[in-house]
Amino acid sequence: MNLTVKCMKLDYLLLKPYLKSILLVLLVPLLITFFTGTLFEGLSFAATVMAMTTGYTFSVVEKNNMERFYGFLPAKKSALVIGRYLVIFLMGLLALLVTLGVQAVILYFKNCAVTLPDMVGTFLLCTILFCIYAGIQIPGYYCYGSIKGKMFMFIPTVGFLLFYYIVRLFMGDIDSFNLSFNTNNAMLLLGGAGVIMLIMILSAAASIHIVQKRRA
């Protein structure tokens, strides 16, 4: 576990120069919330934006030829992979939480205040969407690298549009898409958390298998 944390810190240092750029891009979802007056559209776009940043670490590693450096580290390949997953997913969840809080404030001053069940339901769904987008991308980057795997960068955008298409197909209007749920229903919350953990575990297992097979 200690090695995983150290690997996570190393990847964070690689991503640190990009934090300002990520924060600037996250202003776009806030503008969406300001103009549309809805919580889900802004937060789902924030999930898409954060998922699109998953390739940054791979890009830096490949650009600076750091694979050889990683090979000298006294850590298992699984620890390196898990550390990278923790950085990417923790940054994504933190960005969604901050965006959710700012959006709630914006909607409050626009007299479109949202309830706690709305916030919890929206955050849970957008977190699942982020995990799906990132969970598909990361094994692809491990397999093909950041340059050959640039096609995976479009997965969040395609997923964002596909999700909206499905909602409109079955609901007719995105505004009628009710995301609130009873916050006292612990099973829903645990079920959502279970889905998130399952996606992360399956994706990480696939990435570890790819790395170990490539190093064999």
Original post:
Which value results when the Cα radius of gyration for the chain is divided by 2.2 N^0.38 Å?
Top reply: 1.07
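Sum -39500 (n - 2.57) across every DSSP H segment of at least 4 residues in the chain, then divide by the residue count to get the 222 nm mean residue ellipticity, nearest 500.
Details: 10 runs with 173 residues, N = 216.
Value at 222 nm, helices only, nearest 500: -27000 deg cm²/dmol.
Could you size up the charge dipole of the chain around its Cα centre, putting +1 on the beta carbon of Lys and Arg and -1 on that of Asp and Glu, and report it in debye to the nearest 20? All intermediate terms of the calculation are to be shown ahead of the outcome.
Values: 16 positive and 7 negative charges, 230 e Å.
The dipole magnitude comes to about 1100 debye.
For the chain, report the accessible area per residue in Å² (1.4 Å probe, heavy atoms, rounded to an integer).
On the way: 12020 Å² over 216 residues.
Averaged over the residues of the chain, the accessible area is 56 Å².
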**OP:** With the full set of protein chains in place, find how many percent of the accessible area of the chain is carbon and sulfur; take the probe as 1.4 Å.
**Re:** 72
Original post:
Can you list the HN-Hα couplings for the stretch 152-163, worked out from phi with the Karplus curve (6.51, -1.76, 1.60; θ = phi - 60°), rounded to whole Hz and with x for Gly and Pro?
Top reply: 6, 5, 8, 4, x, 5, 5, x, 4, 5, 5, 4
Original post:
Relative to the first principal axis of the alpha-carbon coordinates of the chain, what is the inclination of helix 77-109, with its axis defined by its Cα atoms, in degrees from 0 to 90 and to the nearest 10?
Top reply: 20
**OP:** Enter the angle in degrees (range 0 to 90, nearest 10) between the Cα long axis of helix 39-52 and the first principal axis of the Cα atoms of the chain, meaning the one along which they spread out most.
**Re:** 10
**OP:** Report the label-to-label distance for T157 and K20 in nanometres (one decimal), using points 7 Å from each Cα along the Cα→Cβ vector.
**Re:** 2.6
Subject >> For the stretch 4-125: rounded, prolate or oblate by the Cα gyration tensor [a/c cutoff 1.5] >> reply: prolate
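Sorted by mean Cβ packing within 10 Å, highest first, what order do the peptides 4-11, 107-114 take? Walk me through the intermediate numbers first.
On the way: 4-11: 17.8, 107-114: 12.9.
Listed from highest to lowest mean packing, they are 4-11, 107-114.
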Original post:
How would you rank 92-102, 125-135, highest first, on the average number of other Cβ atoms within 10 Å across their residues?
Top reply: 125-135, 92-102
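Figure the gain on full extension for A205 and L27 (residue separation times 0.36 nm, minus the Cα-Cα span) and round it to one decimal in nm. Numbers along the way, then the final one.
Working: separation 178, 0.36 × 178 = 64.08 nm, distance 3.35 nm.
Here the answer is 60.7 nm.
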Original post:
Taking only C-alpha pairs under 8 Å that are 6+ residues apart, what is the relative contact order of the chain in percent?
Top reply: 29
Original post:
For K16, which lysines qualify as cross-link partners when the Cα separation must be under 26 Å and same-chain residues fewer than eight apart are set aside?
Top reply: K6, K63, K76, K77, K148, K150
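Compute the length gained on full extension between K63 and L189: take 0.36 nm times their separation in residues and subtract their Cα-Cα distance, giving the result in nm to one decimal.
Numbers: separation 126, 0.36 × 126 = 45.36 nm, distance 4.04 nm.
Going from the current span to full extension adds 41.3 nm.
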Original post:
Can you give the angle from 0 to 90° between the axis of helix 27-36 and the longest principal axis of the chain, with both taken from C-alpha atoms, to the nearest 10?
Top reply: 20
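The values are calculated or read from the model by the stated rules, or taken from the named source; none is laboratory data. Quantities reported herein were computed from a predicted structural model and do not represent experimental measurements. In this analysis, Cβ positions are derived from the backbone assuming ideal geometry, glycine residues included, and neighbour counts consider all displayed protein chains. Accessible surface areas use protein heavy atoms only, side chains included; no ligands, DNA or RNA. Shrake-Rupley method; radii C 1.70, N 1.55, O 1.52, S 1.80 Å.
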